[in-house]
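Trainee: To start, I am sharing the structure in question, which I have written as structure tokens.
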Amino acid sequence: MKQGIVKRLVIMGCVSVVCTASLLIAAILLNQKGIIDGFVINIAGRERMLTQKISKEVFILNSQDSINFGELNQAMIEFQSGLNILRFGDEQYSYTATSNEVISAQLDTITQKWTDYSESVTVFIATMSAVNVHKTYLDRYNQEMLQRSAAIAEVMVKHNLSAEDIYDAGELGMLTQKMAYRLIRYNNIWDRQSFQDFSDAHDRYSKTLARFAADGRLMKLPDVRRAIDAAAVLWQEYSRHAIDLTHDEQTLVGSLVKIVNQNIALLNEIEIAVGLYEVESVSIRRNLYYVQIAAAVILSLLTLYAISVLKSIKSIFDHFVQNSEELAHTPTNAANIEKLRLAIASDDQTELATIYKNISIFLENINTFENNSQQVIKQNEQLSQDITEIADGVFKSIKNLKIPQEEKEKIIRDISLSEDIAIQTQDYIISSSQLWQKIKQRLLSSAAIMGRDHAVELAQ
């Protein structure tokens, strides 16, 4: 069964619209996906950079005397903001949270790692602030502590005390310098030996100063007692800050070790997340690319199909032109009309076949009317002859009738009028038949011209 011309064109139009729409939608989605992917991967890459920046700021702050947590706090805020965007989306950039379960699970892992990492950084900030307070105090009073320690040795030398006492008093100054040096070294390289040396010097200083304060012989000397008391008062506060500093340094060292290890772990998880985003982006882009390829292939096949359809339509129009020309030059009797129907039977499902059918039916009606008109003309001619014969007989009979002349003339006029009416009716029937013949010829000519015009347009 053949498809109609209109049906074929509708199918081609629908498929063309679908394929073109697919290409446009795929192009728009690819462009939008590229923007979103660029935004997301940029955020994920920035998270990686911020992790490194936080770690760098931590170690810079640990190695400097003055502290400023502005850069570190800002980096932490930006990291948290970026992580929230990745997890929950961003309305400003029309980005919704990913529906990929693997990426969501990875973001949860990063969140947990970040929580631990940020806690360590927070501990570092608090501890660093306390360490800075202790360092500031020790730097400020270290020289005075050294002077008060030296003052004890001076007054002992002045009173010519024992060599042991003078030696121990002189050692106080050396112990003060040793503690300061070992604290600085431990803060820089975090070695256990420096911490042990500081602890030994601190214990030695405390014991020596306590022995001097407990020695009644020394405390009986007013200037010696004043020197010992002055050193003891400052030592009490100085020792507290020194001990607290070592404890805070231990906490600081622990937080720095955690930051190093957690930074590596967090970086690894972020690297995995970036890789997952890239894989998802490539996968979606590949699928959209395949859609474009499929649509392009379908359009190519549709083009070939359109060429085939156009050739088929041209063949149909050529056949239409041939039949219309034959129709224009063939007498339209019943046999020819039947032949026309058989000729268009092969195009039974085309729109032009419908035209052929309608024309053949119309021509059949015209032919029937024409045949009927011929019969009517013949019957009318026979009727006119009968009327003429009757009229001649009546005229002869009237002459033999004995009626008034006026009646005879009236009867003759009526018979003549009937004869005129019959003749006029015959003329009308002949004129109508000729008119239908002209209509038929014009219709056939128009059909032939229309067929040729369509064929020319199709060829063009």
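The values are calculated or read from the model by the stated rules, or taken from the named source; none is laboratory data. Since the structure is predicted, the reported quantities are computational estimates derived from the model, not experimental observations. Here the Cβ positions follow ideal geometry from the backbone for every residue, glycine too, while neighbour counts run over all protein chains shown.
Trainee: Just for segment 97-142: of the residues that are within 23 Å of F69 (Cα to Cα) and of a type in the set (F, W, Y), which one is surrounded by the fewest Cβ atoms within 10 Å (Cβ to Cβ)?
Mentor: Y137
Trainee: Also, I was wondering about something else. Just for segment 143-154: of the residues that are crowded, with 20+ Cβ neighbours inside 10 Å and not basic (K, R), which one is farthest from V233 (Cα to Cα)? Full working, then the answer.
Mentor: Filtering segment 143-154 down to residues crowded, with 20+ Cβ neighbours inside 10 Å leaves 145, 148-149, 151-153.
In the following step, the residues that additionally are not basic (K, R) were identified as 145, 149, 151-153.
Numbers: M145: 10, S149: 12, A151: 14, I152: 13, A153: 17 Å.
Here the residue is A153.
Trainee: Any idea which of K7, K33, K2 is modelled with pLDDT under 85, within 30 Å of S312 (Cα to Cα) and touching a Ser or Thr at 6+ places or on another chain (Cβ under 8 Å)? Talk me through it step by step, then tell me what you get.
Mentor: Details: K7 fails: touching a Ser or Thr at 6+ places or on another chain (Cβ under 8 Å); K33 fails: within 30 Å of S312 (Cα to Cα).
Answer to the check: K2.
Trainee: Is it the case that segment 140-163 has a residue that's free of Cβ contacts under 8 Å to residues at least 24 places away in the same chain and under 20 Å from I272 (Cα atoms)?
Mentor: no
Trainee: For segment 202-239, which positions are among the hydroxyl-bearing types (S, T, Y) and farther than 13 Å from A153 by Cα? Break it down stepwise before answering.
Mentor: Of segment 202-239, the ones among the hydroxyl-bearing types (S, T, Y) are 205-206, 208, 238-239.
Result: Y205, S206, Y238, S239.
Trainee: Also: So which of E78, E71 is assigned to a helix (DSSP H, G or I), loosely packed, with under 15 Cβ neighbours inside 10 Å, out of contact with any Pro (no Cβ under 9 Å at 6 or more places or on another chain) and in contact (Cβ under 8 Å) with a residue 12 or more places away in the chain?
Mentor: On the way: E78 fails: loosely packed, with under 15 Cβ neighbours inside 10 Å.
Selected residue: E71, the only one of E78, E71 that is assigned to a helix (DSSP H, G or I), loosely packed, with under 15 Cβ neighbours inside 10 Å, out of contact with any Pro (no Cβ under 9 Å at 6 or more places or on another chain) and in contact (Cβ under 8 Å) with a residue 12 or more places away in the chain.
Trainee: How about segment 81-96: which of its residues are modelled with pLDDT of 85 or more and either acidic (D, E) or surrounded by 16 or more Cβ atoms within 10 Å (Cβ to Cβ) (or both)? Walk me through it before giving the result.
Mentor: Step one: list which residues in segment 81-96 are modelled with pLDDT of 85 or more, which gives 81-88.
Of everything in segment 81-96, those that are modelled with pLDDT of 85 or more and either acidic (D, E) or surrounded by 16 or more Cβ atoms within 10 Å (Cβ to Cβ) (or both) turn out to be G82, L83, I85, L86.
Trainee: Please go through segment 110-160 and give me each residue that is under 42 Å from the mean Cα position of the chain (by Cα) and of a type in the set (S, T, N, Q), ordered by number.
Mentor: T111, Q112, T115, S118, S120, T122
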